[in-house]
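Novice: Pasting in a structure now, in structure tokens, and then I'll have a few things to ask.
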Amino acid sequence: MLDIVSFTLGPAQTNAYLVADSDTKDAAVIDPAWDGKVILAEAQRRGWRIAHLWYTHAHFDHIGGAAEIADALNPLPLVALHPNDHVLWRVGGGAALFGFRIDPGPEPTIDFVHGQILRLGNVQFEVRFTPGHTTGHCVLYCAQENVCFCGDLIFAGSVGRTDLPGGDWATLEKSIREQIYTLPDDTRLLSGHGPETTVGEEKQFNPFVHG
Ligand SMILES: [Zn+2]
Ligand SMILES: [Zn+2]
């Protein structure tokens with residue numbers, strides 16, 4: 001069974017998700033935003049082993065805690081990111097643009113591919129390629145737990161901004177329609193910012209992309 005602990009951290013109030021198979025205690029951090037030590041302490045308290053860092057995209061506020069987490073772990077966690085966001089990762093996720101500096105932590109060595117299956121103990125996640133907010137944005141869908149970690153693609157009542165480098169409105173809208181609005185209506189959406197919502201809720205009420 002999948003256990004999910006959420007954190008809201010850093011200057012952009014970014015949601016980080018510590019997820020684990022509660023039976024095997026294998027854990028991953030989806031978007032290790034900012035205070036890595038806080039996420040790490042929670043994993044240690046629960047006896048979970050963080051073996052993976054999964055990035056929906058490479059913006060600085062979603063990866064700023066990676067170094068603190070990785071520095072405390074041996075072996076190092078494997079970092080996964082879509083290759084289209086590698087350039088963004090190498091420039092610190094655009095931190096300088098916002099007046100910040102981050103240590104980006106270990107280099108991504110796993111390339112996300114659309115349709116790829118990620119395994120965490122007995123729990124599986126499907127990678128869905130969802131560009132528009134950045135060119136390499138992906139969401140992680142866990143069908144067996146009815147939940148989708150959707151980064152900065154869609155939020156409760158809003159959508160990801162498309163005015164930063166690599167952003168494109170038409171692409172974002174297409175990603176939402178084809179990769180989110182095709183999921184079952186009761187799928188929980190856990191976003192990169194703000195509260196949790198569902199596919200059905202957004203299809204009905206999202207003011208930017210109607211279902
Ligand atoms: Zn972002
Ligand atoms: Zn964000």
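The values are calculated or read from the model by the stated rules, or taken from the named source; none is laboratory data. Every value quoted in this text rests on a predicted model; they were computed, and no experiment measured them. All Cβ positions, glycine included, derive from the backbone under ideal geometry; neighbour counts span all protein chains shown. Note: areas computed on protein heavy atoms with side chains; ligands, DNA, RNA excluded. Shrake-Rupley method; radii C 1.70, N 1.55, O 1.52, S 1.80 Å.
Novice: Is at least one residue of region 92-113 over 20 Å from residue 33 (Cα atoms) and β-branched (Val, Ile, Thr)?
Specialist: There is at least one residue in region 92-113 that is over 20 Å from residue 33 (Cα atoms) and β-branched (Val, Ile, Thr).
Novice: Okay, next question. Among residues belonging to region 33-52 that are closer than 19 Å to residue 100 by Cβ and touching a Pro at 6+ places or on another chain (Cβ under 9 Å), point out the one that is modelled with the lowest pLDDT.
Specialist: Filtering first and then ranking leaves 34.
Novice: Any chance you could count how many residues in region 118-147 are within 16 Å of ligand 2 (Cβ to nearest atom) and of a type outside the set (Gly, Ala, Ser)?
Specialist: So the count comes out to 9.
Novice: Which ranges mark the helices (runs of 4 or more DSSP H) fully within region 46-152 that have 2 or more residues being open to solvent by 60 Å² or more (accessible area, probe 1.4 Å) and more than 16 Å from ligand 1 (Cβ to nearest atom)?
Specialist: Result: 66-71.
Novice: Condition check: in contact with a strand residue (DSSP E or B) (Cβ under 7 Å, 6 or more places away or on another chain), hydrophobic (A, V, I, L, M, F, W, C) and over 22 Å from residue 25 (Cβ atoms). Does residue 139 satisfy that?
Specialist: yes
Novice: Further question: So which of 210, 193 is within 14 Å of ligand 2 (Cβ to nearest atom) and over 22 Å from residue 113 (Cα atoms)?
Specialist: Matching residue, one of 210, 193: 193.
Novice: Within region 5-21, restricting attention to residues that are surrounded by fewer than 16 Cβ atoms within 10 Å (Cβ to Cβ) and out of contact with any helix residue (DSSP H, G or I) (no Cβ under 8 Å at 6 or more places or on another chain), which residue is farthest from residue 102 (Cα to Cα)?
Specialist: Filtering first and then ranking leaves 6.
Novice: Still on this structure: Give the residue that is farthest from residue 29 (Cα to Cα), with candidates limited to residues of region 167-192 that are open to solvent by less than 40 Å² (accessible area, probe 1.4 Å), part of a loop (DSSP other than H, G, I, E, B) and within 16 Å of ligand 1 (Cβ to nearest atom).
Specialist: Within region 167-192, the match that is farthest from residue 29 (Cα to Cα) is 167.
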